[in-house]
Structure formats: structure tokens, C-alpha cells
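S.K.: Before I ask anything, let me first share the structure, which is written out below as C-alpha cells.
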Amino acid sequence: MMLPQARMATGASGTWVLYVLTDAPVLQWPMHDFGRVTPMPTVQERVRALTALGYTIEGGPEWEWNATRHSPAARHLWAAIAVRPLADVPGSSVPGVA
């Protein structure tokens, strides 16, 4: 997995959450809660949320969808896409990011 990467999943409250995995500690990852269970956020809503967090999609707009396979619990659906910062992030160790 290349960093940074955006992921969208349902949070503990059941609402859709978009977060950006970076080399920072988990509690410092940029995050946006869409505040709803349905409907699933559209691609345009995800792009707006990423922009508000300071990121843009890297490459094509295709999100990769996955499901956890933990048993006996229900599967957990999540999506991922490569992103890049809109501006350089000082002190980052992510390749290509100052």
C-alpha cells in the first residue's frame, strides 16, 4: 500500500466516514464524517471531502471496494483510492511529499 491513501468505511456510529492514511499516528489522520448511513456518499461528495481535507485523487477516479472477512461477524464494506496532498506537507516522510 502506498501512502497517502484515502479510505471510506462505516464508522462505529454506522455513518460513512472518509479518512486519509498517512505516516502520522492514527489519531492525526485527516477525517470527514458524512453524518449519514444512507445513501452512500457519491463520488462527487467524496472528492469534495478530500479537497476539504487538503487532498486530491492520484491517477484515475476508480475506488477499490473491499469487504472484511471476519467471522462470525457481518462483513464490513470499505473503499480505498490513492491520493496526494494539494500542497506539500512539511516534515512528511511520504515519497514525493516535502
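S.K.: From the backbone phi of the stretch 41-53, what are the Karplus-calculated ³J(HN,Hα) couplings (6.51 cos²θ - 1.76 cosθ + 1.60, θ = phi - 60°) in whole Hz, Gly and Pro given as x?
M.R.: x, 6, 4, 4, 5, 5, 4, 4, 5, 4, 4, 4, 7
S.K.: Subtract the Cα-Cα distance of Asp33 and Leu77 from 0.36 nm times their separation in residues, and report this length gain in nm to one decimal.
M.R.: 14.3 nm
S.K.: Taking the highest mean first, how do the peptides 78-87, 14-23, 37-46 order by number of other beta carbon atoms within 10 angstrom per residue?
M.R.: 14-23, 78-87, 37-46
S.K.: Check Tyr55: other-chain or 5+ apart residues with amide H under 5 Å from its amide H, H built from backbone geometry?
M.R.: Leu86
S.K.: Around Pro61, under 15 Å between beta carbons, what's the net of Lys plus Arg minus Asp minus Glu among the other residues?
M.R.: -1
S.K.: If only Cα atoms are counted, what is the Rg of the stretch 5-85, and what is its Dmax, in Å?
M.R.: Radius of gyration, then largest Cα-Cα span, for the stretch 5-85: 12.6, 38 Å.
S.K.: Rounded to the nearest 0.05, what FRET efficiency is calculated for Asn66 and Asp23 with R0 set to 22 Å and r the Cβ-Cβ distance?
M.R.: Using R0 = 22 Å, I get an efficiency of 0.50.
Computed from the coordinates by the stated procedures, all read-outs in this text should not be read as laboratory data. Quick caveat: nothing in here was measured; it's all calculated off a predicted structure. Neighbour counts run over all protein chains shown; Cβ positions are idealised from the backbone, glycine included.
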